[in-house]
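First comes the structure, then the notes that go with it.
The values are calculated or read from the model by the stated rules, or taken from the named source; none is laboratory data. None of the values given here were measured: they were computed from a predicted structure. Methodologically, a virtual Cβ is constructed for each residue, glycine included, from the backbone with ideal geometry; neighbour enumeration extends over all protein chains shown. Heavy atoms of the whole protein, side chains included, go into the accessibility calculation; ligands, DNA and RNA do not. Shrake-Rupley method; radii C 1.70, N 1.55, O 1.52, S 1.80 Å.
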Amino acid sequence: QVQLVESGGGLVQAGGSLRLSCAASGTIFSINDMGWYRQAPGNQRELVARITSGGTSNYADSVKGRFTISRDNAKNTVYLQMSSLKPEDTAVYYCNAKRVLTSFGFYDDTWGQGTQVTVSS
């Protein structure tokens, strides 16, 4: 079984920064893509950023130039450095891992429990 545990959310003023972390636990041999999604009240969950195991990343247009995704494959951990935060970045942020290979086989799509990010104006 695979679990994703997020940390680093909180309350920050507009223009501030936060760093989210997500660690995958379990007997993991490899993880394909890892990413961050977010969901604001009344909105659908949307992709924020994702990164392949080789380090190729892509971002939502709304966060380009402000957010940076990175990962440490040895630690099965993905990070999201968020800078120049805006009130519209307020949402629950979810970590996602695709095609996780464990001792029990593949887990195609695994989600974390979410962490709240609130940006005040």
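What's the Kirkwood radius of region 36-78 in Å, using all Cα pairs?
Value: 11.4 Å, from the Cα pair sum.
In whole Å, what is the distance between the alpha-carbon centres of region 1-53 and region 97-121?
About 7 Å separates the Cα centre of region 1-53 from the one of region 97-121.
Could you name the lysines whose alpha carbon sits less than 16 Å from that of LYS86, not counting residues in the same chain fewer than 8 places away?
Here the lysines satisfying the reach criterion relative to LYS86 are LYS64.
I want to verify the translational diffusion coefficient of region 7-121 in µm²/s; compute it with Stokes-Einstein, Rh as the Kirkwood radius over Cα pairs, at 4 °C and 1.567 mPa s.
91 µm²/s
By the scheme Lys and Arg +1, Asp and Glu -1, what is the net charge of all other residues having a beta-carbon under 12 Å from that of VAL119?
+1
Stretch GLN81-SER121 to full length: gain in nm at 0.36 nm per residue minus the Cα-Cα span?
Answer, rounded to one decimal: 12.4 nm.
Would you kindly state how much longer the chain becomes between SER70 and GLN13 on full extension, computed as 0.36 nm times their sequence separation minus their alpha carbon distance, in nm to one decimal?
The span from SER70 to GLN13 would gain 18.2 nm if fully extended.
Let me cross-check GLU88: its accessible surface, 1.4 Å probe, with only protein heavy atoms counted, in Å² to the nearest 10?
120 Å²
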